[in-house]
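Asks: I have a structure here, written as structure tokens, and I will follow up with some questions on it.
A short reminder: the numbers here are calculations on the coordinates, not readings from a lab. Values in this document were obtained by computation on a predicted structure and should not be read as measured data. Cβ placement follows ideal geometry from the backbone for every residue including glycine, while neighbour counts extend to all protein chains displayed.
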Amino acid sequence: MQHLIVGAGPAGVHAAETLRRLDPDAGILLLSGEAEPPYSRMAIPYLLSRHIDEAGTWLRPSPEHFQRHRIDVRHGLVERIDSTHNRIHLNDGSRLDYDRLLLATGASPRQPPVAGVELPGVLPCWTLEQARAIARRLQPDLPVVLMGAGFIACILLEALLRRGARVTIVEREPHMVPRMMNPTAASMLKRWVEAKGARVLTGHAVELIEPNGDGLRVCLDHGEPLEARLVIPAAGVSPNIGFLRDSGIGLDQGIVVDRHLRTNIDNIFAAGDVAQGPDFSSGGFQVQAIQPTAVEHGRIAATNMTRDGALCHAGSLNMNVLDTLGLISTSFGNWRGAPDGEQVELLDEAGWRYLNLQFDGDHLTGASSLGHSDHIGVARGLIQGRVALGEWKTRLLREPTRLMEAWLARSLAAAPSG
Amino acid sequence: MQKALLIDPDKCTGCLQCEMACSFEHEGRFNPSRSRIRVFTFHHEGCFVPYACTQCADAWCLQACPVEAIVDDRTLGVKRVVDERCVGCKVCTIACPFGTINYSQASGKVIKCDLCGGDPACARACPTTAIRYTDADQTGYEKMRRWAARSITAAEATA
């Protein structure tokens, strides 16, 4: 049995390792789109801030790891898939055959539809190569514009400020990080970021980037243009599905899969940021593009590749954690709430703390927080474990910070005796 | 047989000696907020529940780590944070459904129970044997750990 995995991020690597564990004799080829050891994009901000070196970004620290598990890691880019002949064509003209194929090609930063984004000096911070280019440019007092105030922009802020850059964030939406926080939390975050020395322009759109002497000028839809030496587009990511247009593989926001993470073609699976996988909260399918989901996908897809239909995925819980210059925020599941659900909010503006819990009947269904990070994982346990809260729902509505006590009380109460 | 922390909440008086001992063992100072084991207070019921990582088999923290900074020490049955590898991304702190791996602002890394390398300071410090380090069995803490693991796993993936 020959397994071919396209993409060497967390989904691809976990899939390869799962396949090796379940099928000691299989051939496993892991095709990486970048000429690097498999690495974690999540570690890039810590590389930029000089907390770690490049080896610190590797998904597996031991250089012999893949060899030892007989996982053949190669570098190459897929041009097209010939599913009739179970073969992929690479852009260097070579071909690879497979019995089972896993597409774990990840996502890429969205290119903002703005004239001038192709100029030198406009650099996304997504790959190791791009991080190196940005690191070479960073110097004290360098004026930097971040296009977008989402997850990636926030997590880059620490590194940029640490390296002495003067940062302006431009966000089209009225508030920061709209994918993981509501306006209440976002306005606190904005005040925090401004207090730490970055400028935040929400409700502003970049209209044009143009050369300006040695640097760039960033023109906005209103207000003064910004001078910059480096512009980092950080306006979200999209699944890498372009090469699949004529493959016959079903596509929607990402690659369409069933609960076994199988595509519409029997021996082709998808996992990670590229897969529109099962979502725990809605019961539907969505692209989540988060690390824990990529890992789950990799393991479940690989199990089904070698043990036909063994695992049916009930859904990944969408969740995030973000450290913006020391202020930690989280979001879990249906944190926006349901129209007929119950909710509770705890706001401490002076203490930089916020907590939001969402309930549906007897269950916690979502949570988001700012400045509350101790034991916060238990929100996942309560939501995904569908823990019946009983009298603890009333207590949580009164004292929302007591999530851990609620979990302990209700899990002990519900545990079978004897 | 591997040993585990066996916790009997009925015996806990809420004295917090375990938190003190844990913090001193790992941080060199008495600061309960840095303890890996925490005692939760239930005013309504008038009881206390000490709680720390159960070293669960699913190892959600280890699975979610993007840089292999959490390792499975099988001789001791412990999931251990490798400080030199941890970048402080905190993904494990939301992935652990039991809330028992936490970020330490002081160190910029995550912290969790490591059973003190086989001689847990909390168990030594507990004056009422509410916390014992003993053969893993089917009572108390172990029962809770299995139930909890099952309830989450069932929601995640089944045949």
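Asks: How big is D for segment B:3-153, in µm² s⁻¹ as a whole number, if Stokes-Einstein is applied with the Kirkwood radius of its Cα pairs at 4 °C and 1.567 mPa s? The partial results should precede the final answer.
Replies: Details: Rh = 15.7 Å.
In µm²/s, the coefficient rounds to 83.
Asks: Going by amide H atoms built from the backbone, whose H comes under 5 Å of the H on residue B:109, apart from near neighbours?
Replies: Amide H neighbours of residue B:109, under 5 Å, 5+ apart: B:104.
Asks: Would you pull out the residues with amide H under 5 Å of residue A:312's amide H, same chain only if 5 or more places away, H placed 1.01 Å from N?
Replies: For residue A:312, the qualifying residues are B:158, B:159.
Asks: Enter the mean number of other protein chain beta carbons within 10 Å of the beta carbon of each residue in A:308-318, as an integer. Working shown, then result.
Replies: Values: counts 0, 1, 3, 4, 3, 3, 6, 3, 2, 6, 0.
Taking all residues of A:308-318 together, the mean is 3.
Asks: Taking the Cα centre of segment A:128-235 as the origin, how large is its charge dipole in debye, to the nearest 20, when only Lys and Arg (+1) and Asp and Glu (-1) carry charge on their Cβ atoms?
Replies: Numbers: 14 positive and 12 negative charges, 95 e Å.
About 460 debye.
Asks: Check the straight Cα-Cα distances from residue A:393 and name the aspartates and glutamates below 13 Å, setting aside those fewer than 8 residues away within the same chain.
Replies: Candidates past the 8-residue exclusion: A:342, A:360, A:362, A:405.
Asks: Write down the percent of antiparallel bridges among all DSSP beta bridges whose residues are both part of the protein assembly as shown, to the nearest 5. Mind dumping the intermediate values first?
Replies: Details: 68 of 103 bridges.
Rounded to the nearest five, the antiparallel share is 65 percent.
Asks: Also, quick follow-up: Let me have the 222 nm mean residue ellipticity of the protein assembly as shown computed from DSSP H runs of 4+ only, each contributing -39500 (n - 2.57), with the sum over all residues rounded to the nearest 500. Don't jump to the answer; show the numbers that get you there.
Replies: On the way: 15 runs with 142 residues, N = 577.
So the calculated ellipticity at 222 nm is -7000 deg cm²/dmol.
Asks: Here's another thing I want to ask about it. Cα-Cα over 31 Å: which of A:196/B:79; B:11/B:79; B:11/B:90; A:190/B:79; B:11/B:112; A:190/B:90?
Replies: Values: A:196/B:79 36 Å; B:11/B:79 27 Å; B:11/B:90 33 Å; A:190/B:79 37 Å; B:11/B:112 24 Å; A:190/B:90 21 Å.
The answer is A:196/B:79; B:11/B:90; A:190/B:79.
Asks: Dividing the convex hull volume of the alpha carbon atoms of segment A:128-235 by its residue count, what do you get in Å³ per residue? Don't jump to the answer; show the numbers that get you there.
Replies: Details: hull volume 10.9 nm³, N = 108.
Enclosed volume per residue, from the Cα hull, is 101 Å³.
Asks: Something else about it: Over 36 Å, how big is the tail of the calculated P(r) for chain A, in percent of all Cα pairs? Mind showing how you got there, number by number?
Replies: Details: 28315 of 87153 pairs.
Result: 32 percent of Cα pairs exceed 36 Å.
Asks: Turning to a different aspect of this structure: Counting other C-beta atoms within 10 Å, which of B:35, A:238 has the fewest, and how do the rest follow?
Replies: Values: B:35 27, A:238 17.
In order of increasing Cβ crowding within 10 Å: A:238, B:35.
Asks: Related question: Just to check, using Stokes-Einstein with a Kirkwood Rh over alpha carbon pairs, what's the diffusion coefficient of segment A:179-327 at 25 °C and 0.890 mPa s in µm²/s? Mind dumping the intermediate values first?
Replies: Details: Rh = 18.6 Å.
For these conditions, the coefficient is 132 µm²/s.
Asks: Report the Cα centroid-to-centroid distance between segment A:331-381 and segment A:59-76 in angstrom, as an integer.
Replies: 40
Asks: Sticking with this one: So what are the ³J(HN,Hα) numbers for segment A:346-363, from phi and the Karplus equation (6.51, -1.76, 1.60; θ = phi - 60°), rounded to whole Hz, Gly and Pro as x?
Replies: The phi angles translate into 10, 10, 10, 4, 5, x, 6, 10, 8, 9, 10, 10, 10, 10, 10, x, 8, 10 Hz.
Asks: Can you pull the mean other chain C-beta count within 10 Å for peptide B:81-92?
Replies: Numbers: counts 0, 1, 0, 3, 6, 4, 12, 4, 10, 10, 9, 4.
The shielding value for this peptide is 5.
Asks: For chain A, with a Gaussian network of springs between Cα atoms less than 10 Å apart, report the residue from A:220, A:161, A:128 with the top mean-square fluctuation.
Replies: In this elastic network of chain A, the residue with the biggest mean-square fluctuation among A:220, A:161, A:128 is A:220.
Asks: Restricting to DSSP loop positions (anything but H, G, I, E, B) with no more than 14 other Cβ atoms inside 10 Å of their own Cβ, which GluC sites (Glu not before Pro) remain in segment B:24-54? Display every interim value, and only then the final one.
Replies: Numbers: sites: B:25, B:27, B:45; in loops: B:45.
Passing both the DSSP loop test and the Cβ count: B:45.
Asks: Which distance in Å, rounded to a whole number, links the C-alpha centroids of segment A:106-134 and segment A:236-276?
Replies: With segment A:106-134 and segment A:236-276 each reduced to a Cα centre, they are spaced 24 Å.
Asks: Now a separate question. Could you give the length gained by full extension between residue A:54 and residue A:80, i.e. 0.36 nm per residue of separation minus their alpha carbon distance, to one decimal place?
Replies: Between residue A:54 and residue A:80, full extension yields an extra 6.2 nm.
Asks: Quote the convex hull volume per residue of segment A:326-414, based on C-alpha atoms, as a whole number of Å³.
Replies: Cα-based convex hull of segment A:326-414, divided per residue, equals 85 Å³.
Asks: Within 10 Å of each residue's Cβ, count the other Cβ atoms and sort A:368, B:107, A:316 from fewest upward. Before the final figure, lay out each step's value.
Replies: Numbers: A:368 27, B:107 13, A:316 24.
Going from least to most buried by this count: B:107, A:316, A:368.
Asks: Calculate the mean, over all residues of peptide B:95-106, of how many other protein chain Cβ atoms lie within 10 angstrom of the residue's Cβ.
Replies: Numbers: counts 10, 6, 12, 10, 13, 5, 2, 5, 6, 0, 4, 0.
Partner Cβ neighbours, averaged per residue: 6.
Asks: Within a Cβ distance under 15 Å of residue A:253, other residues only, what is the Lys/Arg minus Asp/Glu net charge?
Replies: Numbers: positive: A:110, A:179, A:245; negative: A:252, A:273, A:279.
Net charge in that neighbourhood comes out at 0.
Asks: Go through segment A:206-220 residue by residue and turn each phi into a ³J(HN,Hα) via Karplus (6.51, -1.76, 1.60, θ = phi - 60°); whole Hz please, and just put x for glycine and proline.
Replies: Using θ = phi - 60°, the values come out as 6, 9, 6, 10, 9, x, 8, x, 7, x, 9, 10, 9, 8, 9 Hz.
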